[in-house]
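**Student:** Here it is, the structure, as structure tokens.
The values are calculated or read from the model by the stated rules, or taken from the named source; none is laboratory data. Everything quoted here is computed from the prediction, not taken from an experiment. Glycine gets a Cβ as well: all are built from the backbone with ideal geometry, and neighbour counts include every protein chain shown. The accessibility values were calculated without ligands, DNA or RNA, using every heavy atom of the protein model including side chains. Shrake-Rupley method; radii C 1.70, N 1.55, O 1.52, S 1.80 Å.
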Amino acid sequence: MTTVPLRGNLTQETLNFLDLRSRFPRLRIARDFTTAHLSWLSQQEQTLALPLHAVVPFFRALDSREVQPTTIHSSSGNRKWQSKVMLFSGFSRSKIASIAKGRENILQMIHFLVGRMPQTKNGVFCIGGTWSPDLDGPSPDTNPQALIRAAIRNCLEQTSIDLSACTQWIRFVDINYHRPQEVIKGVHYPEQLVTTVIWLPDIWNHIPYLEQSVAQFKLIRNVPRSSSDVRDTTEANSTTDTPSEKPPVDAALLSQIKSELLAELTTIIQSNSSNAEQVLQNTLEQRLSAALSKEAAKEPKEIQTESSTREEKSVSRHDEEPKVASVVYSRREGEKDPRTMTSSLESLLTYSADDVLEKTFEVSLFAELFVEMVQYRFGHMLLKFLKTYSKMALAKEAPTSTENEGKREDEQIAQAPLAQDSTLAREADEERHEGHADQNDDMGMAHTSERHDEDHRITDDKSVEDLNESVPESSMKRTLSEDEDSSSKRLKVEPSADEAEASFTTTPADIPEETKSAPEQTLTQEEQDLADDLLLAFSFFDPRGHYYVAKPDLCLVIHSLGKNLSQRNILSFVEPIVVKERLNYKDALPQVVKQMLTDQSISQ
């Protein structure tokens, strides 16, 4: 059986407290929770088209700007609606093969951008905030654009991500609360209903270019890089000549230069006795300036190299610009500032009873419902696969049954003359026996009862001998062999429980003949994409990578889709394609994919 928990009816649009209690036993339900409306069921066309293989690279930038939160004017509707988002990032198609083999888990490959408070250990929450009628527009109950504007505004303030370019907003779930009349921090709040709407915007369609990502990164940082300033200042000081400043003179260096130039200076003095002192001074200054310039050119270069290496390490650790096109989000490092981070779907499902915050309950409930949405999507794909595969199997069995009927008719026709000859032989034997009986009557019944019994025994022996002579020896051997086979079958011992469990594994004989004999088929890009999607769907219900799904699991998956199909209806297209209570789906994918696309083109 699969390790993925199979949920109940996935088409139930409204869930109350008891529904959540039965479906998610580990979930700590908020005390003010009343109902949850699964809005994605009314947007199935958009929801089921969610590209799980769309990778959205998120890039973090530390934000050192001062926080300037938007002032929301208090009114009766400020606490009635909250609009939040879950920013989705999937995985590439190259990961499907490893997921199908059970090496990686699909729940680990899906990520979301969430917030987390530094004081909490595992408490995370959705990005978003309160709806404001002045800033976002009126009537959020009838005007969803007001809630979308609220989500864009709050996301921009909290993460610096602008979602205004998103055109498809999947309204995933509406969570309703009933707030009692209470006083919080000296403010009196009347009894009211609060609705939190969680959205899935199509951020995967609006990944910025690299230049835009770098510009967004610099905008968030809002601080010039200190390494650039240091290098610019050093280069400016090394290239600018100021007449008022003179480089310091080293006494040891001056002594060395004097000793090296002693012979040359002596020659100059002897040749120019009148102005020897002036020539000596000029020559000494020229050589000294050249040496100092050479040493000065070496030392700053070494200093710059060391400082630049230290700065590069600092930049790569805290302030490195994005190298690829990414969605840049801001993160603060204050003790009380909420931190934004990416989290996998599996980690969002590892909540505990200690997560008592209402916003933690919302993100946990979203994670559970997202898994149900994925199961619903993959279940629909499996249903189409099963119906197509079953139709192919039944169509292949139909000609075989027709051929068998034709063979049986030919055998009956061939055996008709033999049956007629045997009928004539029986009639001749009856006439001969009747004549023999009349002759016995004419003799006056002279024989005694013992003689009569002996004659019967002799007659029986003769008839057996005649029968043995008339039957070929080969027929007798075949009859004996058949008797031996039937007796051996009757004496066959039933296997034990361990042997039955061992024989339950898939063997080459379990695979249908058309699957074993079918060579590897080349698929077009469209067919390969559909095959990858189907392989991913089967992998969700086969997380260990055995390439089969048990028949009871298939039936439960189809029942969960809310199609109101009976067990007999489901078994009608499941049993023709299962072997030993299992569906081996890997080898059947290519031919079924081709047939599915053919049927789709015909229907269109």
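**Student:** Restricting attention to the stretch 338-356, and to residues there that are part of a loop (DSSP other than H, G, I, E, B) and open to solvent by 50 Å² or more (accessible area, probe 1.4 Å), which single residue is modelled with the lowest pLDDT?
**Tutor:** Residue satisfying both the conditions and the ranking: Pro338.
**Student:** Select from the stretch 156-173 the residues that are surrounded by fewer than 16 Cβ atoms within 10 Å (Cβ to Cβ) and in contact with a His (Cβ under 8 Å, 6 or more places away or on another chain) and list them in ascending order.
**Tutor:** Answer for the stretch 156-173, where residues must be surrounded by fewer than 16 Cβ atoms within 10 Å (Cβ to Cβ) and in contact with a His (Cβ under 8 Å, 6 or more places away or on another chain): just Ala165.
**Student:** Among the residues of the stretch 121-130, are any part of a helix (DSSP H, G or I) and in contact (Cβ under 8 Å) with a residue 60 or more places away in the chain?
**Tutor:** There is no residue in the stretch 121-130 that is part of a helix (DSSP H, G or I) and in contact (Cβ under 8 Å) with a residue 60 or more places away in the chain.
**Student:** Considering each residue of the stretch 505-552, count those that are open to solvent by less than 70 Å² (accessible area, probe 1.4 Å) and at pLDDT below 50, and give that number.
**Tutor:** 8
**Student:** Any idea which of (1) surrounded by 15 or more Cβ atoms within 10 Å (Cβ to Cβ); (2) within 29 Å of the chain's Cα centre (by Cα); (3) modelled with pLDDT of 90 or more; (4) not in a strand (DSSP E or B) is the one Ser42 doesn't satisfy?
**Tutor:** Result: Ser42 passes all but (1).
**Student:** Based on this model, can you work out whether Phe91 counts as in a loop (DSSP other than H, G, I, E, B) and of a type in the set (Phe, Trp, Tyr)?
**Tutor:** Taking the combined requirement at face value, the residue satisfies it.
**Student:** Just name the residue that is farthest from Ser352 (Cα to Cα) out of those in the stretch 4-38 that are free of Cβ contacts under 8 Å to residues at least 40 places away in the same chain and acidic (Asp, Glu).
**Tutor:** If we take residues in the stretch 4-38 being free of Cβ contacts under 8 Å to residues at least 40 places away in the same chain and acidic (Asp, Glu), then Glu13 is farthest from Ser352 (Cα to Cα).
**Student:** So for the stretch 24-32 (the condition being under 28 Å from Ala531 (Cβ atoms), out of contact with any strand residue (DSSP E or B) (no Cβ under 7 Å at 6 or more places or on another chain) and modelled with pLDDT of 90 or more), does at least one residue qualify?
**Tutor:** no
**Student:** Please identify the pairs in which a residue from the stretch 191-217 that is over 30 Å from Thr142 (Cα atoms) has its Cβ atom under 9 Å from the Cβ atom of a residue that is surrounded by fewer than 15 Cβ atoms within 10 Å (Cβ to Cβ) and among the β-branched types (Val, Ile, Thr), counting only partners at least 6 apart or on another chain.
**Tutor:** Leu210/Val324; Ser213/Val324
**Student:** Output the residue which, of all residues in the stretch 14-39 that are of a type in the set (A, V, I, L, M) and outside any loop (DSSP other than H, G, I, E, B), is surrounded by the fewest Cβ atoms within 10 Å (Cβ to Cβ).
**Tutor:** Leu18
**Student:** Going through the stretch 359-394 one residue at a time, which ones are open to solvent by 20 Å² or more (accessible area, probe 1.4 Å) and more than 22 Å from Leu556 (Cα to Cα)?
**Tutor:** Matches in the stretch 359-394: Lys359, Met392, Leu394.
**Student:** Separate question: Give me the residue from the stretch 573-600 that is in contact with a Leu (Cβ under 7 Å, 6 or more places away or on another chain) and over 21 Å from Leu536 (Cα atoms) and, out of that set, least open to solvent (accessible area, probe 1.4 Å).
**Tutor:** Step by step, filter the stretch 573-600, then rank; the result is Phe573.
**Student:** To continue, here is another question. Among the residues that make up the stretch 110-122, is at least one of them buried (at least 20 other Cβ atoms within 10 Å of the Cβ) and in contact with an Asp or Glu (Cβ under 9 Å, 6 or more places away or on another chain)?
**Tutor:** Yes, there is a match, as at least one residue in the stretch 110-122 is buried (at least 20 other Cβ atoms within 10 Å of the Cβ) and in contact with an Asp or Glu (Cβ under 9 Å, 6 or more places away or on another chain).
**Student:** Kindly provide the set of residues from the stretch 530-585 that are among the aromatic types (Phe, Trp, Tyr) and part of a helix (DSSP H, G or I), ordered by number.
**Tutor:** Of everything in the stretch 530-585, those that are among the aromatic types (Phe, Trp, Tyr) and part of a helix (DSSP H, G or I) turn out to be Phe538, Phe540, Phe541, Phe573.
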